[in-house]
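Working notes, structure below.
The values are calculated or read from the model by the stated rules, or taken from the named source; none is laboratory data. Source: prediction; values computed, not measured. Methodologically, a virtual Cβ is constructed for each residue, glycine included, from the backbone with ideal geometry; neighbour enumeration extends over all protein chains shown. Note: areas computed on protein heavy atoms with side chains; ligands, DNA, RNA excluded. Shrake-Rupley method; radii C 1.70, N 1.55, O 1.52, S 1.80 Å.
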Amino acid sequence: MEAVKTINYIISIVFIVCYTYQFFYILVPYVVKDRRRGEVRGHRYAVLISARNEEAVIGQLLESIKRQSYDGGLVTTFVVADNCTDGTARVAAESGAIVFERFDSANVGKGYALNYLLHRIDELFPERPFDGYFVFDADNVLEENYIEEMNRVFSEGYEIVTSYRNSKNFGDNWISSGYALWFLRESQFLNHARMKLGTSCAVSGTGFLFSQKVLGDCGGWNFHLLTEDIEFTVHNVVRGLKIGYCHDAVLYDEQPTGFRQSVRQRLRWAKGYLQVFRRYGADLLKGAAKGSWSCFDMSMSILPAFILTALCLLANITLSVLGLMQGVGVWFAMRSLLECMGSILATLLVLGGITVASEWKRIHAPAWKKIAYTLTFPLFMLTYLPISMAALFMKVEWKPIHHSVNLSSLPYPAAKN
């Protein structure tokens, strides 16, 4: 069993080297002061929403956009009803959005829908009058100062800005809370820390803004991997762009509650991370070797943690089985595996606990659920391991996620009429 100890020791050293900085990030929001912001200027924005069978929720997003404190005359909302079979297009049009319907069963996914929408906008506005473009999912809802706060950071010169991602349905069950805690941690202890340190942040799925210049430099929205948000992030980081973050711009979205749906979504994410690393990994590593902290940070964020954890578990399981076959004793054979699992679960519990304590007032759920779902967070994250392993070998396709949460029953500012 000395081989197990040696493997665990090597993996632990590599893990510490790769990820100690993220524990340092936890302190940054509390010890590094915010930089003084410059002059705020008004900008004209286009809002881009890709929606597939989102009749139940898209009206609430559009209503929250209309309620923004930012000058509504500077905001134009566009919706692409992508392969819809319900009333999404009708609801969006009735809510005042400019709507395009797209039917394409060959090129499926949000990236293709956004590219189509941008082309249609160019046809309507060939003069390209928009300074920036917001991207939202149909299930999102914005707090009333969202665009105003994002505009403040955009005015500082950031060409891409992402925002604080909160949850509509943290308290539904251990699955929705698991997602929510991960995104809250990402907002507070990754992007918030990166912003304060002056390094690049990362776009996370929805709730972000990019400039007309970025759109031109990228040649349109040509990001069609399974995780187009990560692809967009890494593409811009490797070319030297710093992505900004606005902690005061709060967006709420709905997380899956069913395990099967969750597995399908996370399988797509895991496969997408592999696709991004395959395409941009060499560029990221070259950038890191040349001294780009952002390239190193993004490299660590999209792949190695899963690889190291999977290797640790695989080595311990294999050698434990071999130990049992050699008759060295059940406890002796299993001890290393249990120690490995215990350290992983303990680390996740600490991360979840710190996030809940830090974001307690922003988490909209009863106190007992906040505590209970802190305890289930490590189990939720542990289910990523078999999902990520499966992603190595399975063919994965983009599939829509069903949304239905009714905001009128929720106790946060975005729900008020």
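A few notes on this one:
- Overall, the anisotropy analysis places the stretch 222-268 in the oblate class: the square-rooted eigenvalues a ≥ b ≥ c of its C-alpha gyration tensor yield a/c not less than 1.5, with a/b not exceeding b/c.
- For the chain, built as a Gaussian network whose Cα springs stay under 10 Å, the top-fluctuating residue of Gly178, Gly157, Gly353: Gly157
- The Cβ shell under 15 Å around Asp34 holds other residues with a net charge of +4, Lys and Arg each +1, Asp and Glu each -1.
- GNM flexibility winner over the chain from Glu397, Glu143, Glu39 (Cα, springs under 10 Å): Glu39
- In the context of the full protein assembly, Ser358 retains an accessible surface of approximately 40 Å², using a probe radius of 1.4 Å and ignoring ligands and nucleic acids.
- Potential extension, Val32-Asp217 segment - 0.36 nm per residue separation minus Cα distance: 63.3 nm
- Global geometry of the stretch 37-147, whether rounded, prolate or oblate, following the gyration tensor of its Cα atoms and the 1.5 cut on a/c: oblate
- In Å², nearest 10: area of His192 left accessible to a 1.4 Å probe: 20
- The stretch 35-82-the stretch 338-364 distance, computed between alpha-carbon centres (Å): 33
- Of all DSSP bridge pairs formed entirely within the chain, close to 25 percent run antiparallel.
- For Arg264, Arg165, the ranking by accessible surface with the largest value first comes to Arg264, Arg165, using a 1.4 Å probe.
- Sorted largest first by accessible area at a 1.4 angstrom probe radius, with every protein chain in place, the residues Phe125, Phe134, Phe24, Phe103 fall in the order Phe103, Phe24, Phe125, Phe134.
- The aspartates and glutamates within cross-link reach of Lys395, meaning a Cα-to-Cα straight distance under 19 Å and a gap of 8 or more places when in the same chain, are Glu228, Glu231.
- In the stretch 140-276, Rg over Rh equals 0.97, where Rg is the alpha-carbon radius of gyration and Rh the Kirkwood radius from pairwise Cα distances.
- Candidate aspartates and glutamates for bridging to Lys369, where Cα separation is under 20 Å - those fewer than 8 sequence places away on the same chain excluded: Asp172, Asp253, Glu254, Glu359
- Charged side chains reduced to their Cβ positions (Lys and Arg at +1, Asp and Glu at -1) give the stretch 223-276 a dipole of some 320 debye around its Cα centre.
- For Met298, the accessible surface of its heavy atoms amounts to roughly 10 Å² (probe 1.4 Å, protein chains only, rounded to the nearest 10).
- Pairs from Lys110/Lys213; Lys33/Lys242; Lys196/Lys286; Lys110/Lys168; Lys110/Lys242; Lys66/Lys271 whose Cα-Cα separation, in the structure shown, is over 28 Å: Lys66/Lys271
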